[in-house]
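Quick notes on the structure that follows.
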Amino acid sequence: MTDMPGGPLILEEDIGPVRRLTLNRPEVLNAISGAMVQELSAALARAATDDGARVVVLLGSGRAFCAGYDLKEEAEHRAEHGPLDVAAWREELAHDVARMLEIFDHPKPVNLMMMCDLAVAAEDAVFGEPEIRFGSGVVTMVMPWLIGARRAKELLLTGEDRIGADEALRIGLVNRVVPREQLEEETLALAKKIAVMDPVALSLTKRSINRSLEVAGFREALAANVDLDAIIEAAEVPERREFNRIREEQGLKAAIRWRDERFR
């Protein structure tokens, strides 16, 4: 999907020492476009060098945090340029993972979802990574590092995309679950609680925890997944071909309906 010119895709706001970055495409449930990724990267870079911003909170405008990558944008690119080969997929996926690692490597704590340091969810939130259901792969393979290999295999190999907030809390996918009407208040309270700490100690403590993941092979695992995911994306398996055919002929909603009807 082409973003409308002129409107910011990332809204920036300071609430005391907390820098809030809001994904601002509510009309498409904040689906991530290429332009949004660029704006988010720039906003994170500004927060990294701003001494006044001690904690970064990511949130979504409208009724959803984020619906994932923008499949309409991918379809438009495919229609104009044709399908990508393995090499092109690898280059694109490696770029996407590098952008996600900007959150992991950020010198300040970042609050909300998979690559972030902490996650607070509304009690009616649902989570999932359904990529395998239409012959695609997970771009940034972080889930096993958060909840363990066995549980991640169950969720990723089934493409489960209706994980409730309580279950997400139980398996360690999120830190806290709060009533929807208290989500903003509770998230901000947690961020402010962290923000009163010494910023150097915060940054180095985050780096120390991350280092334990890196010693265990975190970055190497993400890089290896890029290579494998590029093969998946370029393979054009039957499910992916059918998903793309329906999407091109009937639209994205029809393709998603076809995908989901097989599992409901």
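Every read-out reported here was derived from the displayed coordinates using simple, explicitly stated rules and does not represent laboratory data. The model shown is predicted, which means the values in this text are computed figures rather than measured ones. Note: ideal-geometry Cβ built from the backbone for every residue, glycine included; neighbour counts use all protein chains shown.
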Partners for Lys206 among lysines (Cα-Cα distance below 25 Å; same-chain residues under 8 apart left out): Lys108, Lys192, Lys193
Residues whose placed amide H lies under 5 Å from that of Ile32, excluding near-sequence neighbours: Ala67, Gly68, Tyr69, Asp70
Which of Phe104, Ala75, Gly16, positive extreme of dipole for region 1-134 (C-beta unit charges): Gly16
Estimated 222 nm signal from helices in the chain, with DSSP H stretches of n ≥ 4 weighted -39500 (n - 2.57), rounded to 500: -16500 deg cm²/dmol
In Hz, Karplus ³J(HN,Hα) per residue of region 16-29 (6.51, -1.76, 1.60; θ = phi - 60°; x = Gly, Pro): x, x, 9, 9, 9, 10, 10, 5, 10, 10, x, 5, 10, 6
0 to 90° range, to nearest 10: angle between helix 238-250 axis and the chain longest Cα axis: 90 degrees
Folded to 0 to 90 degrees: helix 183-195 orientation relative to the chain principal axis, Cα: 50 degrees
Distance (nanometres) between label positions extended 7 Å along Cα→Cβ at Ala224 and Asp50: 3.9 nm
27 Å Cα-Cα reach of Lys72 towards lysines, excluding residues that sit fewer than 8 places from it in its own chain: Lys253
0 to 90° range, to nearest 10: angle between helix 252-261 axis and the chain longest Cα axis: 90 degrees
Long-range Cα-Cα pairs in the chain (distance over 34 Å), rounded percent: 16 percent
Linear extension gain, Ser212 paired with Arg241, 0.36 nm per residue minus alpha-carbon span: 6.4 nm
Top of Ala121, Ala191, Ala79 by mean-square fluctuation, Gaussian network on the chain, Cα under 10 Å: Ala79
